[in-house]
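**Student:** Below you will find the structure I want to go over with you.
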Amino acid sequence: MASFLDKVYASSPVWLQNIGISLYGFTWKQRRFGGNFQKYVSEFRERETFSKDQWHSYQEGQLRKLLVHANEHVPYYRKLFQDLHLATRDLAEFSLDDLSHLPVLTKEVIREKQDEFLAYNLNEKPATYLTSGTTGTPLAIKFTREGDRLAQAAYEARVRNWARVNFIMSRAMIGGRLVVPKANARPPFWRYNFVERQLYMSAFHISPANAPEYAKALNHYQPDYLVGYASSHFFLARLLEEMKISMYEPKAVLTSSEKLTPEMRCTIERVYHCEVFDGYSGVEACCQASECEFHRMHISPDMGIVEILGEDDKPVPSGSPGRIVATGLLNYAQPLIRFDTGDAAILSEQDCDCGREMPVLEELVGRLEDTVIGADGRETVRFHGIFVGLPNVKEGQVIQDSIKDFRLRLAVSDNFNDADEKIIRSRFEQRLGKINLKFEFVEMIERTERGKFRAVISHVRRH
């Protein structure tokens, strides 16, 4: 069904695409911001005054509720707890320290046993969200309406509100959706969601030739704030500055998805004359970290229990890098307990001047990817959607050898076929136009010293 709708969208005129996006926006606005959303926002705000002891008590209570629920209603955890000889009464008395006795959950296990993670006591069909799939088959994460509203309330209270904006304001988004289906399309390189006053701009068409068109759209609509990929906003801002194009002043720019470097922050702030607020989260909604007014990145303890672990799965001290392993406290439809996010961070040893007794991340580690340079000068980092709906792809790595020459290193299952390869080629051309794409099949993609692999490697540099 999704594939059919994608084809209909791609073949429709721009005005009809705008209507389709607006109808989609209406549906999701009701889902995310209806019901108890405002109540949840107030509760997230109230908890910001918690002391460390209060946070400890709150997390422990929420953890016990989650574990009991998982044991009673989620097949994967019921079997896991049986194997560990943990009964309901044990889980109802679990402490935060006891959490380390449970195994770390990997993405591979979720992919292999996807259906076993879904609670069977739901009174509605949950919505499914796909992770970015940058490095392989995306995870399908399921949420009920209440789970959605809780996650959105956390984002509203701790991301938008800390940046002094809110969900009612207009915004411009640069994200991974293919709102402009063709790589060589002509302007407009955006679509408009009238319901939410959202200008959704393509991340795949930012180039020297197209930058003035992006500027024209932003200066025309003048959205209250900008949001989306850190790299995409940086690429666009740098081009606008080089071309000496004057821009209107939004209230804030909210970046995510990649590490925001000092150069990126300064460039964006110079061009738009406003503050940049960086954030970290994921579709899994297990962990959220966001910048306060002092631009220190606080973890939200009521979103999830975050552990920073070494390769031995033991906590690392503050000031040392480790893997982000998180237990989500909001999603009862598909609980994720001690989930290895695949990201790394360093906990700060210092409290924040804002006075909130919420843990501070000193740095997100290793989230920078190489930039792919297109023939027209466009710059792209994240290849969102390349592997969506391709379960035969385990891992994928993009290597750019020249402007037109690419290699795709793939670890695949035995069922990988010509149809899969054709879909991948088509998706690359949607993002980059005509290129030479060579497939290389490997057992496993080479890891770094931290046990991860680089999703994108480019040997082409910007002139």
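The values are calculated or read from the model by the stated rules, or taken from the named source; none is laboratory data. None of the values given here were measured: they were computed from a predicted structure. When we count neighbours, we look across all protein chains shown, and the Cβ atoms used for this are built from the backbone with ideal geometry, even at glycine. We work out accessible area using only protein heavy atoms, side chains counted, and drop any ligands, DNA or RNA first. Shrake-Rupley method; radii C 1.70, N 1.55, O 1.52, S 1.80 Å.
**Student:** Does residue 256 qualify as being at negative phi, touching a strand residue (DSSP E or B) at 6+ places or on another chain (Cβ under 9 Å) and open to solvent by 20 Å² or more (accessible area, probe 1.4 Å)?
**Tutor:** Considered against the rule, which asks whether it is at negative phi, touching a strand residue (DSSP E or B) at 6+ places or on another chain (Cβ under 9 Å) and open to solvent by 20 Å² or more (accessible area, probe 1.4 Å), residue 256 comes out as yes.
Quick grid of which residues meet (1) in contact with a helix residue (DSSP H, G or I) (Cβ under 9 Å, 6 or more places away or on another chain); (2) within 30 Å of residue 416 (Cα to Cα); (3) open to solvent by 20 Å² or more (accessible area, probe 1.4 Å); (4) touching a residue at least 40 places away in the same chain (Cβ under 8 Å):
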{"site": "103", "(1), (2), (3), (4)": "yes, no, yes, yes"}
{"site": "106", "(1), (2), (3), (4)": "no, yes, yes, yes"}
{"site": "118", "(1), (2), (3), (4)": "yes, yes, yes, yes"}
{"site": "121", "(1), (2), (3), (4)": "yes, no, yes, yes"}
{"site": "142", "(1), (2), (3), (4)": "yes, yes, yes, yes"}
{"site": "156", "(1), (2), (3), (4)": "yes, no, no, yes"}
{"site": "163", "(1), (2), (3), (4)": "no, no, no, yes"}
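So that you can scan it fast, the table gives a plain yes or no per residue for (1) more than 27 Å from residue 119 (Cα to Cα); (2) assigned to a strand (DSSP E or B); (3) small (Gly, Ala, Ser):
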residue: 305; (1), (2), (3): no, yes, no
residue: 319; (1), (2), (3): yes, no, yes
residue: 332; (1), (2), (3): no, no, no
residue: 335; (1), (2), (3): no, no, no
residue: 343; (1), (2), (3): no, yes, no
residue: 349; (1), (2), (3): yes, no, no
residue: 352; (1), (2), (3): yes, no, no
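**Student:** Which numbered condition in (1) in a loop (DSSP other than H, G, I, E, B); (2) out of contact with any strand residue (DSSP E or B) (no Cβ under 6 Å at 6 or more places or on another chain); (3) under 30 Å from residue 171 (Cα atoms) is the only one that residue 264 fails?
**Tutor:** Condition not satisfied by residue 264: (1).
**Student:** So residue 178 fits all but one of (1) in contact with a Phe, Trp or Tyr (Cβ under 9 Å, 6 or more places away or on another chain); (2) at pLDDT 90 or above; (3) assigned to a loop (DSSP other than H, G, I, E, B); (4) not β-branched (Val, Ile, Thr); what number is the exception?
**Tutor:** The single condition residue 178 does not satisfy is (2).
**Student:** Cβ contacts < 8 Å: first residue at positive phi, restricted to the stretch 180-203; second residue buried (at least 19 other Cβ atoms within 10 Å of the Cβ), any location; separation 6+ or different chain. Result?
**Tutor:** Taking only residues 6 or more apart or on different chains, the pairs are 197/171; 197/223.
**Student:** Next question, about the same structure. I need the full set of residues from the stretch 217-230 which are open to solvent by 10 Å² or more (accessible area, probe 1.4 Å) and in contact (Cβ under 8 Å) with a residue 12 or more places away in the chain, in order please.
**Tutor:** 219, 221, 222, 224, 227, 229
**Student:** Sticking with this one: So residue 187 passes all but one of these: (1) touching a strand residue (DSSP E or B) at 6+ places or on another chain (Cβ under 8 Å); (2) open to solvent by 30 Å² or more (accessible area, probe 1.4 Å); (3) closer than 18 Å to residue 379 by Cα. Which condition number does it fail?
**Tutor:** (1)
**Student:** Quick one: residue 355 ticks every box in (1) out of contact with any Phe, Trp or Tyr (no Cβ under 8 Å at 6 or more places or on another chain); (2) in contact (Cβ under 8 Å) with a residue 24 or more places away in the chain bar one, so which box is it?
**Tutor:** Condition (2) is where residue 355 drops out.
**Student:** Among the candidates 249, 284, 311, which residue alone is modelled with pLDDT under 95, out of contact with any strand residue (DSSP E or B) (no Cβ under 7 Å at 6 or more places or on another chain) and either loosely packed, with under 15 Cβ neighbours inside 10 Å or farther than 26 Å from residue 185 by Cα (or both)?
**Tutor:** Step by step, each of 249, 284, 311 is checked, and only 311 is modelled with pLDDT under 95, out of contact with any strand residue (DSSP E or B) (no Cβ under 7 Å at 6 or more places or on another chain) and either loosely packed, with under 15 Cβ neighbours inside 10 Å or farther than 26 Å from residue 185 by Cα (or both).
**Student:** Which residue out of 45, 32 is within 30 Å of residue 162 (Cα to Cα), surrounded by fewer than 17 Cβ atoms within 10 Å (Cβ to Cβ) and within 28 Å of the chain's Cα centre (by Cα)?
**Tutor:** Unique residue meeting the criteria: 45.
**Student:** Shifting gears a bit: Got a sec? Which of 360, 381, 393 is open to solvent by less than 40 Å² (accessible area, probe 1.4 Å) and either modelled with pLDDT of 90 or more or not β-branched (Val, Ile, Thr) (or both)?
**Tutor:** 360
**Student:** List the strands (runs of 3 or more DSSP E) that sit entirely inside the stretch 399-463 and contain at least 1 residues that are closer than 30 Å to residue 312 by Cβ, open to solvent by less than 30 Å² (accessible area, probe 1.4 Å) and modelled with pLDDT of 80 or more.
**Tutor:** 405-412, 456-458
**Student:** Name, by its number, the condition in (1) surrounded by fewer than 18 Cβ atoms within 10 Å (Cβ to Cβ); (2) closer than 29 Å to residue 443 by Cα that does not hold for residue 69.
**Tutor:** Among (1) surrounded by fewer than 18 Cβ atoms within 10 Å (Cβ to Cβ); (2) closer than 29 Å to residue 443 by Cα, the lone unmet condition for residue 69 is (2).
**Student:** Kindly indicate whether residue 146 is more than 28 Å from residue 387 (Cα to Cα) and either of a type in the set (S, T, N, Q) or open to solvent by 20 Å² or more (accessible area, probe 1.4 Å) (or both).
**Tutor:** yes
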